[in-house]
Amino acid sequence: MNKPKLSFVVAIYNIQEFLPGCLKSLVSQTEKEIEFILVDDGSTDLSSKIADDFAKTDARIKVIHLKYNRGSLNARLVGIRESLGDWICFVDGDDCLGYPDAAKDLINLMREYDADILRFSTEARKLDGTQCDFWRGDYLGSINGSLRINRACFVNYQYSWEIWGKCYRASLLKGILPKIRNERLSAAEDVYLYFMITTVAETFVSVRSKAIYIYMVGSGITSANICTDKFINNFAKEPIICKWLRDYLQKTECGADFNDSLDQLLHHLTDNQINRLSDIDINDWPKCIYALSDNVCSEVIFECLNRRMRLKEGKIKIDQAWILDSMREQNLSHAPFNRLLERVSRIKNGFIRKKIRKILLRWSR
């Protein structure tokens with residue numbers, strides 16, 4: 001086979017139910033000068049065997065078996081490293097390509113626009129096959145400059161940050177590989193990787209096309225029910241990526257230009273976690289917030305709680321103030337309370353400010 005023009009990187013982990021549909025959509029592609037890099041991230045079900053069986057039927061497939069599960073971020077980085085194409089497109093193992101000429105059309109689009117990032121049309125389907133709405137933002141045409149590309153996503157929310165549904169210049173991804181912090185994440189892998197990519201991309205184009213990619217709603221980790229353990233061990237850790245990104249940007253010449261994006265992202269991720277508390281027993285909220293405080297400063301948590309509580313009335317406000325009080329019983333450090341008092345004084349909602357201040361003063365005795 002000639003050198004592939006386009007590499008599809010597929011991260012796989014325990015998705016035996018959905019993987020055959022994904023791989024069937026890949027092997028049905030009419031374009032020959034492409035490759036499919038299947039990265040099996042230590043699956044313990046039949047996913048590994050399914051990948052190997054498909055590889056026997058199509059020379060375009062390369063399977064990489066990782067010994068231990070380290071998450072989709074690591075699997076994608078392995079795929080980037082092993083890819084040979086001029087462009088790279090990511091496919092989740094529970095999603096699929098939209099039609100047999102999808103790869104051919106994608107190559108033609110990349111040739112036509114010659115962009116670092118090309119965002120194309122996708123379609124969202126429920127598990128029963130019916131089409132459904134899924135927000136991905138506007139079709140923006142062309143954007144030039146890394147800061148503009150980044151701000152369009154992370155400040156102005158003009159398009160979404162999922163890693164799929166886009167095609168990337170391979171040299172761009174390979175160049176940023178050494179700068180990516182390859183630690184295990186159970187959530188927020190997409191937003192971390194895409195933020196990193198936008199800091200080095202100079203050209204972005206968004207085009208309307210046939211639905212090249214099919215996103216299957218309800219098949220992934222974020223679709224599962226949320227429990228206390230899952231919140232503490234997975235979701236509460238999401239905001240740590242903002243620290244990683246800040247550490248990286250501080251070492252770059254224009255890193256400070258991205259501070260607004262990082263601040264927006266931190267508040268967005270923290271708001272998401274506060275919203276997820278509604279699915280958790282209220283008696284477990286204190287330890288969930290405590291876990292969140294490992295990765296988010298108290299000021300941001302209070303700001304997000306304030307926004308959340310401001311929408312509620314009466315008893316809910318008092319209940320959520322009680323949650324903060326209960327955190328003290330879990331041996332939170334005594335030292336920062338004076339600083340917190342200063343921060344709380346800036347909360348705009350008078351009722352909440354008074355309630356939290358009263359609690360903090362009680363803690364400090």
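The values are calculated or read from the model by the stated rules, or taken from the named source; none is laboratory data. Only a predicted model underlies this, so the values are computations on that prediction, with no experimental measurement involved. Ideal geometry is used to build each Cβ from the backbone, glycine not excepted, and the neighbour counts take in all protein chains shown.
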Notebook entry, point to check: Among Thr198, Thr203, which is at pLDDT 90 or above, touching a Cys at 6+ places or on another chain (Cβ under 7 Å) and either surrounded by 14 or more Cβ atoms within 10 Å (Cβ to Cβ) or not aromatic (Phe, Trp, Tyr) (or both)?
Noted result: Thr198
Note to self: Being over 17 Å from the mean Cα position of the chain (by Cα), in the same structural domain as Phe204 (by TED's automatic domain parsing) and touching a residue at least 40 places away in the same chain (Cβ under 8 Å) narrows it down to one residue among Arg184, Arg111, Arg169; which is it?
What the structure shows: Arg169
Notebook entry, point to check: Can you name the residue in the stretch 134-167 that is in contact with a strand residue (DSSP E or B) (Cβ under 7 Å, 6 or more places away or on another chain) and charged (D, E, K, R) and, of all such residues, is modelled with the highest pLDDT?
Noted result: Lys166
Item checked: Qualifying position, being under 25 Å from Asp40 (Cβ atoms), of a type outside the set (A, V, I, L, M) and assigned to a loop (DSSP other than H, G, I, E, B), among Gly129, Gly85 -> Gly85
Margin query: Which residue is surrounded by the fewest Cβ atoms within 10 Å (Cβ to Cβ), if the candidates are limited to the stretch 75-124 and must be of a type in the set (S, T, N, Q) and at pLDDT 95 or above?
Written below: Asn108
Check: Restricting the search to the stretch 3-47, which residues are surrounded by fewer than 21 Cβ atoms within 10 Å (Cβ to Cβ), of a type in the set (S, T, N, Q) and farther than 30 Å from Asp116 by Cα?
Finding: Asn14, Gln16, Thr44
Note to self: With the structure loaded, tell me whether Asp40 is over 14 Å from Val9 (Cβ atoms), out of contact with any Gly (no Cβ under 7 Å at 6 or more places or on another chain), at pLDDT 95 or above and assigned by TED's automatic domain parsing to the domain that holds Ile197 or whether it fails that test.
What the structure shows: no
Margin query: Checking the structure you have, find out if any residue of the stretch 141-151 is within 26 Å of Lys104 (Cβ to Cβ) and exposed (fewer than 14 other Cβ atoms within 10 Å of the Cβ).
Written below: yes
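Which of the residues spanning the stretch 43-74 are assigned to a loop (DSSP other than H, G, I, E, B), among the small types (Gly, Ala, Ser) and within 20 Å of Glu183 (Cβ to Cβ)? It would help to see each step written out before you state the result.
Taking the stretch 43-74 as the starting set, the residues that turn out to be assigned to a loop (DSSP other than H, G, I, E, B) are 43-46, 56-60, 66-71.
If we keep only those that are among the small types (Gly, Ala, Ser) too, we end up with 43, 59, 71.
Answer for the stretch 43-74, where residues must be assigned to a loop (DSSP other than H, G, I, E, B), among the small types (Gly, Ala, Ser) and within 20 Å of Glu183 (Cβ to Cβ): just Gly71.
Condition first: aliphatic (A, V, I, L, M), within 21 Å of Ile212 (Cα to Cα) and at pLDDT 95 or above. Can you find one or more residues in the stretch 61-72 that meet it? Outline the logic, then answer.
First, the residues of the stretch 61-72 that are aliphatic (A, V, I, L, M): 61, 63-64, 66.
Narrowing the set further to residues that are within 21 Å of Ile212 (Cα to Cα) leaves 61.
Now restrict to residues that are at pLDDT 95 or above: 61.
Yes, the stretch 61-72 contains a residue that is aliphatic (A, V, I, L, M), within 21 Å of Ile212 (Cα to Cα) and at pLDDT 95 or above.
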Check: Looking only at the stretch 270-299, which residues are in a helix (DSSP H, G or I) and in contact with a Cys (Cβ under 7 Å, 6 or more places away or on another chain)?
Finding: Thr270, Asp271, Ile274, Leu277
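Just a yes or no: is a residue in the stretch 188-205 polar (S, T, N, Q) and assigned to a strand (DSSP E or B)? Spell out the reasoning first.
Pass one, the stretch 188-205, residues polar (S, T, N, Q): 198-199, 203.
Add one more test, that the residue is assigned to a strand (DSSP E or B), and what stays is 203.
The answer is yes, given that some residue of the stretch 188-205 is polar (S, T, N, Q) and assigned to a strand (DSSP E or B).
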Item checked: Lone unmet requirement of (1) under 16 Å from the mean Cα position of the chain (by Cα); (2) not assigned by TED's automatic domain parsing to the domain that holds Phe258; (3) not polar (S, T, N, Q) for Lys210 -> (1)
